[in-house]
Amino acid sequence: MRTIGDTAEIRGEPLAGAYAALLLGALAMGASPILVRLADVGPFASAFWRVATALPLLWAWSRLEQRGDAKLAGGFTKPVVLAGLFFTGDLVFWHLAIMNTTVANATFFATTSPIWVVVFSVLLLRERVAGRTLLGLALALVGGAALIGESMSVDPARLAGDLYGVVTSVFFGAYFLAVSRARRSHGSGRLIFLSSLITAPALGAIAFAFEDRLLPASLSGAAALLALGIVSHAGGQGLLAVALGRLPATFSSLVIFLEAIAAALLGWAVLGERLSAVQALGGVIILLGIYVARPRAVPVEPHP
């Protein structure tokens, strides 16, 4: 059984670029709740436009990658198809959770996705997770509870929405592992472009079936949807794929906690939402957990 998260897992060049991609990806994805709120379409329609409006940019990114390295021009392999399907499930159940429970509850249950990454890695992929990674995950979960817990509420009437949040975390955890596998044969832009070609029509069909209006009614709403596609999908998911090309999926899945921090900070800066001392402490504990769980680069010894 192979151990993931140890120093032996990451070798070669420094990881600063991968860490930067993970951080910037979290910031980009953290902007999505605000952009969804500013868009004047329903939740499923906004999910569809999030992916669809990013396709031209992702296509251009994919083409540039292929010119630089023909090995990055992979096709619709099983991991790519699964990544597209898992991300569809993630967005669908995330929006169902938002509609059927509080945003705080939905966010809290969504942040449990790293648990599923660990479970799937151990049970399905037969990989052993390093103790340092588990400790970092535990700290991040405690921090996440502090960051979001003050806004959470227990209501039997919202049980379905809470369960949708749990399902969201399962899909997002599976998405991390699928992207991590697909990055072995695909460039990040190529991977997100191909998986989005699966996600976009699936979300379009769902939006057409359940939404009253698919098109935004104002220029500001259209601008919010365009930003959602460029920033949160092409930027957020694309940078996450960049990071997963160098970092283990178990560690990279902790990005969802960074996303929660980014969403809280943007909500405070843009929407004037209050941040308490407990929430600030939760953010610090999350950062500590991510620091503890970080993989270490091991220099490659030169051949004699």
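Details
- Listed by first and then second residue, the pairs linking a residue in the stretch 40-67 that is at negative phi and modelled with pLDDT under 95 to a residue that is basic (Lys, Arg) and assigned to a helix (DSSP H, G or I), with Cβ atoms under 8 Å apart and 6 or more places separating them unless they lie on different chains, are 61/190; 62/190; 65/190; 66/190.
- Residue in the stretch 127-140 that is in contact with a Lys or Arg (Cβ under 8 Å, 6 or more places away or on another chain), surrounded by fewer than 23 Cβ atoms within 10 Å (Cβ to Cβ) and either more than 30 Å from residue 275 (Cβ to Cβ) or in contact (Cβ under 8 Å) with a residue 40 or more places away in the chain (or both) present: yes
- Lone qualifier among 188, 218, 253, 195 - being under 28 Å from residue 138 (Cα atoms), in contact (Cβ under 8 Å) with a residue 24 or more places away in the chain and of a type in the set (S, T, N, Q): 253
- Residue 25 assigned to a helix (DSSP H, G or I), crowded, with 23+ Cβ neighbours inside 10 Å and modelled with pLDDT under 90: yes
- Residues in the stretch 100-115 that are surrounded by 20 or more Cβ atoms within 10 Å (Cβ to Cβ) and in a helix (DSSP H, G or I): 8 in all.
The values are calculated or read from the model by the stated rules, or taken from the named source; none is laboratory data. Because the structure is a prediction, the values reported are computed rather than measured. Cβ: placed from backbone, ideal geometry, glycine included. Neighbour counts: every protein chain shown.
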